[in-house]
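Worksheet for the structure shown next.
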Amino acid sequence: MISATAPISPASLRPTETVWARWPWLRRAVSVGLILHLLALVIAPLAVAPTSPLWQRSWLAFRPYLEGLNLNHGYHFFAPEPGPSHLVRYELRFEDGHLEQGLFPNVQQQPRLRYHRHFMLSEFLNSLAIDDSRREVFDAVTRSYADHLRHEHHAAEVTLSLRRHYVPGPQHVTSGKRLNDVSLFAERPLGTHGLERR
């Protein structure tokens, strides 16, 4: 038995109108945005020293975007020649006069993600310390670290230092020096912070 069907009109075969067809400027804007985003992701690792001045200047142009979205990851840490790592050493002074010392990141921190987060905090502080144009931000971040430690441990004052741990060279390894040898460390005092008197 043959059933009768309604005739197909040519209008019904036309594809429905898409957003891209309705607003062609939107397609161009999204395309340009994607290209700039991918370019920023490529420039970030290419700008790690040693590199050309061209990549360094390009990174400066993309810096607000990369840092604003936290896309400027520690590529240098994974480079063939990684630089030194950084730790924050703190000394807590309590109302009764006794002192306690600590360090972050601390290899005993568990879970491992907590160690990684603290490592990123110390590396962020170092990135501010080496950039003289961001002195106000560096001071504010240093103060916030000290305030957090003081509040967390109920201390009267906190003294901070930025400790740089250099990567041992072949001469250190062949001479039998350990990774925690004092010759591989340098320290920069960051000051003492306490509760502000009003």
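Overview of values
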{"item": "Length-normalised contact order for the chain - Cα pairs under 8 Å, 6+ apart - percent", "result": "17 percent"}
{"item": "Label of the coordinate-derived value, Cα Rg over 2.2 N^0.38 Å, listed as (1) 1.66; (2) 1.18; (3) 1.04", "result": "(1)"}
{"item": "Cα-centre dipole for the chain with unit charges at Cβ (Lys and Arg positive, Asp and Glu negative), debye to 20", "result": "700 debye"}
{"item": "Segment 17-73 shape via C-alpha gyration tensor axes, a/c threshold 1.5", "result": "prolate"}
{"item": "Cα gyration tensor shape for segment 129-177, rounded if a/c is under 1.5, else prolate or oblate", "result": "oblate"}
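We did not get these values from a lab; they are worked out from the coordinates using the rules stated. The shown structure was predicted, so the numbers you read here are calculated from the model rather than taken from an experiment. Methodologically, a virtual Cβ is constructed for each residue, glycine included, from the backbone with ideal geometry; neighbour enumeration extends over all protein chains shown.
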